[in-house]
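**Q** Encoded as structure tokens, here's the structure I'll be asking about.
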Amino acid sequence: MSINIGDQVPDFTAKNQKGEEVKLSDFRGKKNVTLVFYPFAFTGICTGELCAMRDDISKFKNENTELLGISCDSPFTLGVFAEKENYQFDLLSDFWPHGAIAKQFGVFDEARGCAIRGTFIIDKSGILRWKVVNAIGDARNQGEYVAALAAL
């Protein structure tokens, strides 16, 4: 399954690094959402991308926008990862059912059992406004999604 620009994004609920449930629809009518799928915690490219967002957090998490990272790691792994890297945004676990959310967005790699690099910008009404999908080894250009957020 894949989600296209202009589609209503399916709702989901996932546990964050603190074990709290986060529901995508809780942001509807309140904030745009940048949803960032990444393969695995503690890996080079993933850590680099998330640290770059952490270091420029006001562009990704503010009064108009929420930032949600999501991987197939367990919430416990994400808790240690978030603490080690001082992430002040939610990291969501797509651990079980394994990769179910990534599959909804068309970014699950069955052979590796993880999400590939997909970034989805969802507006306040729950409509997909921008997306980019990169291969596992290809880092994203953050400037592109900063520009997409600014256009909302």
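The values are calculated or read from the model by the stated rules, or taken from the named source; none is laboratory data. Computed from a predicted structure; not experimentally measured. Cβ coordinates were reconstructed from backbone atoms using ideal geometry, including for glycine residues, and neighbour counts include every protein chain displayed. Surface areas here come from the heavy atoms of the whole protein model, side chains and all, with no ligands, DNA or RNA. Shrake-Rupley method; radii C 1.70, N 1.55, O 1.52, S 1.80 Å.
**Q** What pairs come out if I take residues in region 87-99 that are among the hydroxyl-bearing types (Ser, Thr, Tyr) and pair them with residues that are open to solvent by less than 10 Å² (accessible area, probe 1.4 Å) and not in a loop (DSSP other than H, G, I, E, B) whose C-beta lies under 6 Å away, six or more apart or interchain?
**A** What qualifies is Ser93/Ala14; Ser93/Leu78.
**Q** Ser25 fails exactly one of the following numbered conditions: (1) in contact with a helix residue (DSSP H, G or I) (Cβ under 9 Å, 6 or more places away or on another chain); (2) open to solvent by less than 70 Å² (accessible area, probe 1.4 Å); (3) over 19 Å from Cys114 (Cβ atoms). What is the number of that condition?
**A** Single failed check for Ser25: (1).
**Q** Give Ile70, Ile5 a once-over and let me know the one that is within 21 Å of Arg140 (Cβ to Cβ) and surrounded by 12 or more Cβ atoms within 10 Å (Cβ to Cβ).
**A** Working: Ile5 fails: surrounded by 12 or more Cβ atoms within 10 Å (Cβ to Cβ).
Selected residue: Ile70, the only one of Ile70, Ile5 that is within 21 Å of Arg140 (Cβ to Cβ) and surrounded by 12 or more Cβ atoms within 10 Å (Cβ to Cβ).
**Q** Another one. Just for region 34-49: of the residues that are crowded, with 21+ Cβ neighbours inside 10 Å and of a type in the set (Val, Ile, Thr), which one is nearest to Ser74 (Cα to Cα)?
**A** Ranking the candidates gives Val36 first.
**Q** Another question, then. Looking only at residues in region 50-60 that are open to solvent by less than 70 Å² (accessible area, probe 1.4 Å) and charged (D, E, K, R), which one is farthest from Gly137 (Cα to Cα)? Lay out the reasoning, then the answer.
**A** Of region 50-60, the ones open to solvent by less than 70 Å² (accessible area, probe 1.4 Å) are 50-54, 56-57, 60.
From the residues that got through so far, the ones that are charged (D, E, K, R) too are 54, 56.
Values: Arg54: 21, Asp56: 22 Å.
Looking at the filtered set, the residue picked out is Asp56.
**Q** When the residues of region 79-132 are filtered to those that are of a type in the set (D, E, K, R) and assigned to a loop (DSSP other than H, G, I, E, B), which remaining residue is least open to solvent (accessible area, probe 1.4 Å)? Walk me through how you get there before you give the answer.
**A** Going through region 79-132, the residues of a type in the set (D, E, K, R) turn out to be 83-85, 90, 94, 103, 109-110, 112, 117, 123-124, 129, 131.
Filter once more, keeping what is assigned to a loop (DSSP other than H, G, I, E, B): 94, 110, 112, 123-124.
Numbers: Asp94: 6, Glu110: 131, Arg112: 148, Asp123: 22, Lys124: 75 Å².
Here the residue is Asp94.
**Q** Any residue in region 45-73 that is more than 15 Å from Tyr145 (Cβ to Cβ) sitting within a Cβ distance under 7 Å of a residue that is part of a strand (DSSP E or B) and open to solvent by 10 Å² or more (accessible area, probe 1.4 Å)? List the pairs, counting only those 6 or more apart or interchain.
**A** As it stands, the answer is Asp73/Ser93, since those pairs meet every condition given.
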